[in-house]
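Bear in mind these aren't lab numbers, they're just calculated from the coordinates by the rules spelled out. None of the values given here were measured: they were computed from a predicted structure.
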Amino acid sequence: MGAFLDHERVALPEDVFSSFRADVPTDPPDMPDDGYSQYAEELSRFAVLRELTPRYADLDADGLRSEAAIARYMEQARFGALQSVDMGGLGLLIAVQDITYGHYRPSSTPVELVTGVGHIGNTSFHLNGGAKSCHGVHAIGNSVMVVVNLATNRACANNQ
């Protein structure tokens with residue numbers, strides 16, 4: 001958990017953090033592995049790049065891009081990478097979606113959406129992506145995509 005000062009992320013003041021912590025009965029569960037965060041500084045190296053013009057509805061009451069809008073940006077980045085892929089009659093299931101939010105600067109400047117394959121397994125692959133503008137990285141994300149046989153609704157190995 002953090003706070004923002006002049007549109008930059010800062011640590012919560014200790015007294016505020018402690019007051020929140022006092023309301024939590026146990027330690028929070030571990031977050032998913034964020035090893036993909038290494039890509040935050042390398043977004044220009046991704047294979048698929050699309051530009052998105054933000055809409056007024058993407059802003060929250062403070063005039064910042066909302067978490068929901070940034071989550072939609074990440075969905076659009078994923079879709080942009082997959083829309084031209086011929087799956088040969090197979091389907092895709094989004095098994096895991098993890099988003100790490102960057103900053104929330106106010107702006108309606110265009111956003112670049114980037115996507116690339118970070119890992120390929122036997123029945124799944126990881127799509128890593130991000131959303132950035134001239135103000136910096138808004139978010140990075142990782143989606144675990146499982147290839148599914150639509151006739152059996154089962155995961156397909158890469159040789160099937």
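What to note about this one:
- Placed amide H near Val96: partners under 5 Å, 5+ positions off or other chain: Val144
- With θ taken as phi - 60° and the Karplus curve 6.51 cos²θ - 1.76 cosθ + 1.60 applied, the whole-hertz 3J(HN,Hα) list for the range 150-156 is 5, 6, 10, 6, 10, 5, 9 Hz, x standing for glycine and proline.
- Alpha-carbon Debye profile of the range 36-155, log10 I(q)/I(0) at 0.17 Å⁻¹: -0.81
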